[in-house]
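What follows is a short report on a single structure.
The values are calculated or read from the model by the stated rules, or taken from the named source; none is laboratory data. Predicted, not measured: the structure shown is a model, and the values here were computed from it. All Cβ positions, glycine included, derive from the backbone under ideal geometry; neighbour counts span all protein chains shown.
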């Protein structure tokens, strides 16, 4: 589970019902894609209409990549299910 520095509350939990399915649910006051900060994720598959399937490190989520020039394998910063920037390799180890 991922936590913010100094916080004990996980940012993302996999529910018992979702375990093994790759689905995740938000925990606490924040969500992996709609918290008050952008989070790095890796683009798995580009989808039609400016969407992509991304790996959050906890499972897969569909997000918009319409604002960035992303390719499969790129690491992007996501806020509110919207990729807002493409980043370099510095985040690659964090998301597997």
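Residue under question is residue 90, and the condition is that it be assigned to a strand (DSSP E or B) and either at pLDDT below 95 or on the phi > 0 side of the Ramachandran plot (or both); does it hold?
no
How many residues does region 38-68 hold that are in a loop (DSSP other than H, G, I, E, B) and either at pLDDT 95 or above or farther than 17 Å from residue 87 by Cα (or both)?
So the count comes out to 9.
Inspect all residues belonging to region 18-37 and state whether any of them is in contact with a strand residue (DSSP E or B) (Cβ under 6 Å, 6 or more places away or on another chain), assigned to a loop (DSSP other than H, G, I, E, B) and at pLDDT 85 or above.
no
Could you please give the count of residues in region 36-57 that are surrounded by fewer than 20 Cβ atoms within 10 Å (Cβ to Cβ) and out of contact with any helix residue (DSSP H, G or I) (no Cβ under 7 Å at 6 or more places or on another chain)?
Selection size over region 36-57: 12.
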